[in-house]
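As structure tokens, the structure follows; a few thoughts come after it.
The values are calculated or read from the model by the stated rules, or taken from the named source; none is laboratory data. Just so it is clear, the structure is predicted and the values come from calculations on it, not from any experiment. Positions of Cβ are generated from backbone atoms using ideal geometry, with glycine treated the same way; all protein chains shown enter the neighbour counts.
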Amino acid sequence: MSYVRPVPVSRVFAALCPQETEQGERSPRIYQHMENQENQPSSCPRGTVPREVHVSGVAELSAPPDRAQVSVQLNSSKDTAADAKNSVNRRLEYILQCLRQHGVKDEQRTVTKNFRRRDNTYNMEAEVCVTFDDFERMQTVCNLLVEKLDMSVSISSPNFYHTPESVESLRRQVCLAAVGNARRKAQEVCRLVGQALGKPLLLKEEELKELEYQGDNYQDAMSIQQKIKSKTISAASKVFATFEIKGKEKNKKHV
């Protein structure tokens, strides 16, 4: 399950400057100095300093693998070529039928065959590689094949991995989460000094890190859940954001 790890510390680049009112009083105003006045937002009148708040936001999400590949191997050695082929083909047909009954599409599996002669015997080998997107279905199919075919087949441990689409989705989600954290920080800062947060002026992703779980490498000794955890990846994003400050919030009058 994906999660967001917020960072409570805000880095704000802003300052308070006294501003003289029509009555001669001085009230605080937030501003951000810019060296190049030509880069000021178009909403600011000429000669004025833009009112901005600068914050950074970070987030971290994790995603388990979304695919698993299993290999089913079977072979037969007979005195005649026909017997060797028939022995393998019967079991192979049962495996393919079992996959279809459990919703595995033809494009999710590949079948390879190898036939050769050794001395006075004929050897027939076949391998079915199946890609699963449903891990519960994978376990059901594998358990059924072991139960029905017993020692006549060899089923490999599942190899879990991420598709490029799932990795790209994780990158987008963690970036959006970091932007959301930055915006919430800016809102809290403006609320603290009695200002209202305006529209975003700049959003920049400064850093994106991807981390893989560093665990035990003894894959064969792991349970299914441990293997899934070992292939889970995490992504951390850091963004920099600049928001416009609308103006000072009006205090409610007490009756």
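At-a-glance table
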{"read-out": "Out of K204, K185, K148, sole residue that is of a type in the set (K, R) and within 30 Å of Q97 (Cβ to Cβ)", "value": "K148"}
{"read-out": "Failed condition for V141, given (1) modelled with pLDDT of 95 or more; (2) within 30 Å of K209 (Cα to Cα)", "value": "(2)"}
{"read-out": "Residue within the stretch 214-222 that is surrounded by 13 or more Cβ atoms within 10 Å (Cβ to Cβ) and among the hydroxyl-bearing types (S, T, Y) present", "value": "no"}
{"read-out": "Pair list, Cβ under 7 Å, 6 or more apart: the stretch 40-61 residue at pLDDT 95 or above, other residue basic (K, R) and assigned to a loop (DSSP other than H, G, I, E, B)", "value": "V55/R11; S56/R11; A59/R5; E60/R5"}
{"read-out": "Any chance E188 is in a strand (DSSP E or B) and either among the β-branched types (V, I, T) or at pLDDT 95 or above (or both)", "value": "no"}
{"read-out": "Residue within the stretch 237-250 that is modelled with pLDDT under 95, outside any strand (DSSP E or B) and either of a type in the set (D, E) or surrounded by 15 or more Cβ atoms within 10 Å (Cβ to Cβ) (or both) present", "value": "yes"}
{"read-out": "All positions within the stretch 172-192 that are among the aliphatic types (A, V, I, L, M) and surrounded by 16 or more Cβ atoms within 10 Å (Cβ to Cβ)", "value": "V174, A177, A178, V179, A182, A186, V189"}
{"read-out": "Residue within the stretch 199-206 that is in a loop (DSSP other than H, G, I, E, B) and either among the aromatic types (F, W, Y) or surrounded by fewer than 16 Cβ atoms within 10 Å (Cβ to Cβ) (or both) present", "value": "no"}
{"read-out": "Pairs where the first residue, in the stretch 71-89, is at positive phi and free of Cβ contacts under 8 Å to residues at least 40 places away in the same chain and the second is in a helix (DSSP H, G or I) and of a type outside the set (A, V, I, L, M, F, W, C), C-beta under 7 Å, 6+ apart", "value": "none"}
{"read-out": "Extreme residue, nearest to D66 (Cα to Cα), among residues of the stretch 150-171 that are under 20 Å from the mean Cα position of the chain (by Cα) and crowded, with 18+ Cβ neighbours inside 10 Å", "value": "H162"}
